[in-house]
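Contents: one structure, followed by commentary.
The values are calculated or read from the model by the stated rules, or taken from the named source; none is laboratory data. Small disclaimer: the values here were computed from a predicted structure and weren't measured. Note that each Cβ is placed from the backbone with ideal geometry, even for glycine, and that neighbours are counted across all protein chains shown. What goes into the accessible areas is simple: the full protein's heavy atoms, side chains included, and nothing from ligands, DNA or RNA. Shrake-Rupley method; radii C 1.70, N 1.55, O 1.52, S 1.80 Å.
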Amino acid sequence: MRTIAAIVGSAGIAGIGLAHVAWGRGSSWPMQTRAELADAVVGSPVAPDPPECYAVAGAAAVAAAVVAGAGGSGRLATLARWGIVAVLATRGLAGGRVAVSALGLPEPSQRFIDLDNTVYRPLCFTLAAGTALSIRRRRGAAG
(Lines give C-alpha, C1' and ligand atoms only; values in the text may rest on other atoms or scores of the structure.)
Protein backbone atom coordinates (compact mmCIF):
# COMPACT_ATOMS: atom_id res chain seq x y z
CA MET A 1 0.00 0.00 0.00
CA ARG A 2 2.81 2.43 0.86
CA THR A 3 4.49 1.86 -2.50
CA ILE A 4 1.27 2.51 -4.44
CA ALA A 5 0.60 5.62 -2.35
CA ALA A 6 4.14 6.89 -3.01
CA ILE A 7 3.77 6.31 -6.75
CA VAL A 8 0.37 8.02 -6.92
CA GLY A 9 1.51 10.92 -4.74
CA SER A 10 4.81 11.52 -6.51
CA ALA A 11 3.29 11.08 -10.00
CA GLY A 12 0.50 13.52 -9.21
CA ILE A 13 2.89 16.12 -7.84
CA ALA A 14 5.27 15.58 -10.79
CA GLY A 15 2.34 16.07 -13.18
CA ILE A 16 1.56 19.41 -11.56
CA GLY A 17 5.21 20.36 -12.02
CA LEU A 18 5.20 19.38 -15.68
CA ALA A 19 2.06 21.42 -16.31
CA HIS A 20 3.79 24.45 -14.78
CA VAL A 21 6.82 23.94 -17.02
CA ALA A 22 4.52 23.86 -20.06
CA TRP A 23 2.75 27.01 -18.89
CA GLY A 24 6.09 28.73 -18.27
CA ARG A 25 7.00 27.94 -21.87
CA GLY A 26 3.79 29.60 -23.11
CA SER A 27 1.41 26.67 -23.45
CA SER A 28 -2.27 27.22 -22.76
CA TRP A 29 -2.91 23.48 -22.25
CA PRO A 30 -5.52 22.28 -21.40
CA MET A 31 -7.33 25.47 -22.42
CA GLN A 32 -7.53 27.09 -25.84
CA THR A 33 -5.99 30.44 -24.89
CA ARG A 34 -3.66 31.84 -22.23
CA ALA A 35 -6.50 34.05 -20.95
CA GLU A 36 -8.71 30.98 -20.42
CA LEU A 37 -5.83 29.22 -18.70
CA ALA A 38 -5.20 32.18 -16.40
CA ASP A 39 -8.88 32.35 -15.49
CA ALA A 40 -8.95 28.63 -14.74
CA VAL A 41 -5.73 28.38 -12.71
CA VAL A 42 -5.44 31.74 -10.91
CA GLY A 43 -8.87 33.27 -11.47
CA SER A 44 -7.70 36.37 -13.33
CA PRO A 45 -7.13 37.36 -16.96
CA VAL A 46 -3.34 37.42 -16.65
CA ALA A 47 -1.29 34.21 -16.52
CA PRO A 48 1.63 33.96 -14.12
CA ASP A 49 5.03 34.84 -15.57
CA PRO A 50 7.47 32.09 -16.59
CA PRO A 51 9.69 32.52 -13.48
CA GLU A 52 6.66 32.00 -11.25
CA CYS A 53 5.65 28.89 -13.22
CA TYR A 54 9.19 27.53 -13.04
CA ALA A 55 9.37 28.18 -9.29
CA VAL A 56 6.24 26.06 -8.77
CA ALA A 57 7.62 23.42 -11.15
CA GLY A 58 10.89 23.28 -9.22
CA ALA A 59 9.14 22.96 -5.87
CA ALA A 60 6.90 20.24 -7.32
CA ALA A 61 9.91 18.35 -8.70
CA VAL A 62 11.61 18.35 -5.30
CA ALA A 63 8.39 17.34 -3.54
CA ALA A 64 7.73 14.54 -6.05
CA ALA A 65 11.24 13.19 -5.56
CA VAL A 66 10.93 13.29 -1.77
CA VAL A 67 7.54 11.56 -1.85
CA ALA A 68 9.01 8.94 -4.21
CA GLY A 69 11.71 8.17 -1.66
CA ALA A 70 14.56 10.61 -2.24
CA GLY A 71 16.35 11.25 1.00
CA GLY A 72 15.72 7.77 2.35
CA SER A 73 13.67 7.02 5.42
CA GLY A 74 15.50 8.99 8.07
CA ARG A 75 14.02 11.62 10.32
CA LEU A 76 14.77 14.56 8.01
CA ALA A 77 13.18 12.84 5.00
CA THR A 78 10.17 11.84 7.08
CA LEU A 79 9.83 15.40 8.34
CA ALA A 80 10.03 16.70 4.75
CA ARG A 81 7.27 14.28 3.70
CA TRP A 82 5.07 15.42 6.58
CA GLY A 83 5.79 19.01 5.51
CA ILE A 84 4.52 18.18 2.03
CA VAL A 85 1.40 16.63 3.56
CA ALA A 86 0.89 19.81 5.61
CA VAL A 87 1.25 22.11 2.60
CA LEU A 88 -1.15 20.09 0.46
CA ALA A 89 -3.72 19.66 3.24
CA THR A 90 -3.54 23.36 4.13
CA ARG A 91 -4.11 24.32 0.47
CA GLY A 92 -7.06 21.96 0.36
CA LEU A 93 -8.55 23.30 3.59
CA ALA A 94 -7.89 26.98 2.91
CA GLY A 95 -9.15 26.89 -0.66
CA GLY A 96 -8.20 28.86 -3.72
CA ARG A 97 -9.57 32.21 -2.59
CA VAL A 98 -7.13 32.22 0.34
CA ALA A 99 -4.31 30.90 -1.86
CA VAL A 100 -4.62 33.63 -4.50
CA SER A 101 -4.97 36.28 -1.80
CA ALA A 102 -1.77 35.02 -0.14
CA LEU A 103 -0.02 35.37 -3.50
CA GLY A 104 -1.20 38.99 -3.75
CA LEU A 105 -3.54 38.27 -6.64
CA PRO A 106 -6.95 39.90 -7.11
CA GLU A 107 -10.22 38.26 -6.07
CA PRO A 108 -10.55 35.14 -8.26
CA SER A 109 -13.25 34.54 -10.83
CA GLN A 110 -16.23 32.29 -10.25
CA ARG A 111 -14.81 29.83 -12.79
CA PHE A 112 -11.67 29.44 -10.66
CA ILE A 113 -13.73 29.04 -7.48
CA ASP A 114 -15.83 26.33 -9.16
CA LEU A 115 -12.70 24.50 -10.41
CA ASP A 116 -11.11 24.89 -7.00
CA ASN A 117 -14.07 23.26 -5.28
CA THR A 118 -14.43 20.42 -7.79
CA VAL A 119 -10.83 19.74 -8.90
CA TYR A 120 -8.01 21.59 -7.11
CA ARG A 121 -9.02 21.12 -3.49
CA PRO A 122 -9.93 17.42 -3.89
CA LEU A 123 -6.63 16.92 -5.74
CA CYS A 124 -4.72 18.54 -2.86
CA PHE A 125 -6.46 16.27 -0.35
CA THR A 126 -5.81 13.19 -2.49
CA LEU A 127 -2.11 14.02 -2.88
CA ALA A 128 -1.82 14.80 0.84
CA ALA A 129 -3.44 11.47 1.71
CA GLY A 130 -1.24 9.57 -0.74
CA THR A 131 1.86 11.20 0.65
CA ALA A 132 0.80 10.51 4.24
CA LEU A 133 0.12 6.85 3.41
CA SER A 134 3.53 6.56 1.78
CA ILE A 135 5.45 7.57 4.90
CA ARG A 136 7.23 4.70 6.56
CA ARG A 137 7.33 4.88 10.28
CA ARG A 138 10.72 4.07 11.76
CA ARG A 139 10.71 1.23 14.23
CA GLY A 140 14.02 1.27 16.00
CA ALA A 141 17.04 0.62 13.80
CA ALA A 142 15.19 -1.92 11.64
CA GLY A 143 12.75 0.76 10.25
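When you count the other C-beta atoms within 10 angstrom of each residue and take the mean per peptide, 71-84, 13-26 line up highest first as 13-26, 71-84. For the chain, the dipole from Cβ point charges (+1 on Lys and Arg, -1 on Asp and Glu) about the Cα centre works out to 940 debye, to the nearest 20. Segment 88-109 and segment 7-49 have Cα centres spaced 16 Å apart.
Solvent-accessible area assigned to carbon and sulfur over the chain amounts to 67 percent, based on a 1.4 Å probe. Add +1 for every Lys or Arg and -1 for every Asp or Glu among the other residues with Cβ under 15 Å from the Cβ of GLY95, and state the total. Charge balance in the 15 Å sphere: +1.
Taking 18 Å as the cut-off, the amide N atoms of segment 102-131 that come nearer than this to a point 7 Å along the Cα-to-beta-carbon line of ILE4 belong to 126-131. In this structure, VAL87 and GLU36 have a Cβ-Cβ separation that, at R0 = 25 Å, corresponds to a calculated FRET efficiency of about 0.40.
With N the number of residues in segment 50-113, Rg(Cα) / (2.2 N^0.38 Å) evaluates to 1.35.
For VAL119 and ALA11, the FRET efficiency from 1/(1 + (r/R0)^6), where r spans their Cβ atoms and R0 equals 22 Å, is about 0.85. Beyond 25 Å, the tail of the calculated P(r) for segment 5-143 holds 29 percent of the Cα pairs. With each label modelled as a point 7 angstrom along the Cα→C-beta vector, the SER73-LEU133 pair spans 1.8 nm.
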